[in-house]
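What follows is one structure encoded as structure tokens, with my remarks underneath.
The values are calculated or read from the model by the stated rules, or taken from the named source; none is laboratory data. Remember, it's a predicted structure, so these values are computed and weren't measured experimentally. Here the Cβ is made from the backbone with ideal geometry for all residues, glycine too, and neighbour counts use every protein chain on show. To get the accessible areas, we keep the full protein, side chains included, count just its heavy atoms, and leave off ligands, DNA and RNA. Shrake-Rupley method; radii C 1.70, N 1.55, O 1.52, S 1.80 Å.
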Amino acid sequence: MKNDFDLIIVGGGISGAIAGISAARENIKTLIIDQNGFLGGMLTGAGVGPMMTFHSGSEQVIQGITGELIDRLKKENLSPGHLFDTTGYTYTVTPFDLEGMKWALESMFLEAGGHLLYHTMLADVQLDSGMIQSLTICNKGGLSTIKGSYYIDATGDADLSAWSGVECTKGRESDGMSQPLTMKVRMYGVDMSKVRGYIHSHPEEFPRLKGDTSIIDKAERLSIGGFVQTLKNARASGDFTFTREDILFFETNNPGEVIINTSRITGLDSTNPFDLSKGEVEGRKQAHELARFFRKYISGFENAVLEFTGPSIGIRSSRQIEGLYRITKDDILEGRKFEDAVVCNGYPIDVHSPTGEDTFSSHLAWGDYYTIPYRALVNKLVGNLITVGRCISGDFEAQAAFRTTPGAGAIGHAGGAASVIAVRSKKSFAELDYKEIQDLLRKQNAFLPLD
């Protein structure tokens, strides 16, 4: 029986979408299936933003199709582009318009000749002799079977990989706990001039700024973490009930609209559907508490309106595949440049404590970056399956660095390029020559070492 597609991508988040664009542009017959009715995953379906970071020092190390996406948004006034990070945490942040992101990803994929199947979930996997033969999918049409020559797991949770028998780890090594879930909150009608004024007059509230509040004026959109004494006061009054060390929010592409990244839902396994449902409920509860807190305690939010939550809860980590290589904390912090590097990234190790009590960070030397080896995308068992996004092979701390959306997009680009080489050569992903993948990535304007 003839296969329906050369390449089937399960998951249309930033990683799966960029993978699909890469492959479809090379005339690979590509299908993306996604549970939502749009592309973008956490960016569009969980309200995650801004994108952090495309840079290492002054150099943009995430380019290629992920960089092109931002160029398209900028051209349509749907993103101001890469801005100085006024939280003082990393190099740049990249705000965007949420609806614009849906449109841009979808347009780029369809213009490349890709095929979409929305409102569809993976239901089962059929394998034979170490190769995926077909997938059972579930949607409004019921259960059906779809066949591809090659497959990309872009589910974020390594669902396709795990269901195909690929060995996976979950959470930190000591106890298996993952980073907290977060329900993102959007509010609009914020008086940003009042927010900035408060920051300037209360530098002690913002430890990351180290007393220099002038940096908040280096970008046209505000990103800020702090309000530590305000938070203590609210907690003492019973107006803030969950565990959190500071308040964190980011202005979007739209002036006066912010994304609040402050809720924390701990002790749940996002691959357990009952836990995931509990997380959604607790997340909305915390979101409404946050909206009340902001209006009462944060200058500039007095008349702000809760626009929406999520709509789905944000997930930082769950499963990691066991790949041909496992990226380690030391690989990140030493800025290791692998021979088979397919991604460069400058984002630091950023662990939100699984218990919710703190955030632990480890930064590289200023301007240095690490690389992601191709082997970390390739599993040891299934020949026609490659994994992309936050669930590639890495330890708990390493994943806390490469999990963010610019890096996930770049990892997707690498997986898409590898799929092109695989389809053309009819080889398994483990058999591919990484130099051919690197050549195609460079052709598609990706930044790699020695460029």
Given pairs Lys102/Lys147; Lys184/Lys285; Lys232/Lys329; Lys29/Lys147 and cut-off 23 Å on Cα-Cα distance, the over-length ones are Lys102/Lys147; Lys232/Lys329
Please report the relative contact order for region 135-241, taking Cα pairs under 8 Å with a sequence separation of at least 6, and give it as a percent rounded to a whole number.
-> 11 percent
Relative contact order (%) - criterion: Cα under 8 Å, at least six apart; region: region 335-451 | 30 percent
Can you list the lysines whose alpha carbon sits under 21 Å from that of Lys380, skipping same-chain ones fewer than 8 residues off?
-> Lys170, Lys426, Lys427, Lys435
Using a simple spin-label model with points 7 Å from Cα along the Cα→Cβ vector, what separation in nm is obtained for Phe308 and Asp217?
-> 3.6 nm
Label model pair His115, Lys427: point-to-point distance (7 angstrom along the Cα→beta-carbon line) in nm is 2.7 nm
Measure nothing fancy, just the Cα-based angle from helix 98-111's long axis to the longest principal axis of the chain, in degrees from 0 to 90, nearest 10.
-> 20 degrees
Have a look at Met51, Tyr151, Ser161 and report the one farthest towards the positive end of the charge dipole of region 46-196, computed about the Cα centre with Cβ charges (Lys/Arg +1, Asp/Glu -1).
-> Met51
Rg followed by Dmax, in Å, when region 143-272 is reduced to its Cα trace = 20.5, 62
Packing-based order for 422-433, 310-321, 390-401, using average beta carbon neighbours within 10 Å, highest first | 390-401, 310-321, 422-433
Size of electric dipole in region 64-134: Cβ of Lys, Arg +1 and of Asp, Glu -1, about Cα centre, debye, nearest 20 = 180 debye
From phi via Karplus (6.51, -1.76, 1.60), per-residue ³J(HN,Hα) for region 123-136 in Hz, x at Gly/Pro | 10, 6, 10, 10, 10, 7, 6, x, 9, 6, 9, 6, 10, 9
For Asn27 paired with Met131, estimate the spin-label separation in nm (one decimal), with each label point 7 Å from Cα along the Cα-to-Cβ line.
-> 2.3 nm
For region 287-300, take each phi angle, set θ = phi - 60°, evaluate the Karplus expression 6.51 cos²θ - 1.76 cosθ + 1.60, and give the result in whole Hz per residue in order, putting x for glycine and proline.
-> 4, 6, 5, 5, 4, 5, 4, 4, 5, 7, 10, 9, 4, x
Set Lys and Arg Cβ to +1 and Asp and Glu Cβ to -1, take the dipole of the chain about its Cα centre, and tell me which of Trp366, Asn345, Ser237 lies farthest positive.
-> Ser237
Starting with the highest mean, order 271-280, 43-52, 16-25 by the number of other Cβ atoms within 10 Å, averaged over the residues of each peptide.
-> 16-25, 43-52, 271-280
Dipole magnitude of region 308-386 about its Cα centre (Cβ charges: Lys, Arg +1; Asp, Glu -1), debye to nearest 20 = 320 debye
Accessible area per residue in Å² at 1.4 Å probe, computed on the chain = 37 Å²
For the chain, which whole-number percentage of the solvent-accessible area (1.4 Å probe, protein heavy atoms only) is attributable to carbon and sulfur atoms?
-> 49 percent
If you stretched the chain out fully between Tyr188 and Phe360, how much longer would it get, using 0.36 nm times the residue separation minus the C-alpha to C-alpha distance?
-> 58.9 nm
On a 0 to 90° scale, report how tilted helix 192-201 is relative to the longest principal axis of the chain, with both axes built from alpha carbons and the result rounded to the nearest 10.
-> 60 degrees
Count neighbours as other Cβ atoms within 10 Å of each site's Cβ, and list the GluC sites (Glu not before Pro) in region 151-206 that are DSSP loop with at most 15 such neighbours.
-> Glu167, Glu173
Using a 10 Å cut-off on Cβ atoms, rank the peptides 233-240, 92-99, 154-161, 214-221 from the highest mean neighbour count down.
-> 154-161, 92-99, 214-221, 233-240
State the extension gain, in nm to one decimal, for the chain segment bounded by Asp175 and Lys210, taking 0.36 nm per residue of separation less the distance between their alpha-carbons.
-> 9.2 nm
Volume per residue of the C-alpha convex hull in region 118-213, rounded to whole Å³ = 215 Å³
Would you compute, for the Cα atoms of the chain, the largest minus smallest coordinate along each principal axis and list the three values in descending order, in whole Å?
-> 67, 48, 45
Angle between the Cα long axis of helix 64-75 and the longest principal axis of the chain, 0 to 90 degrees, nearest 10?
-> 50 degrees
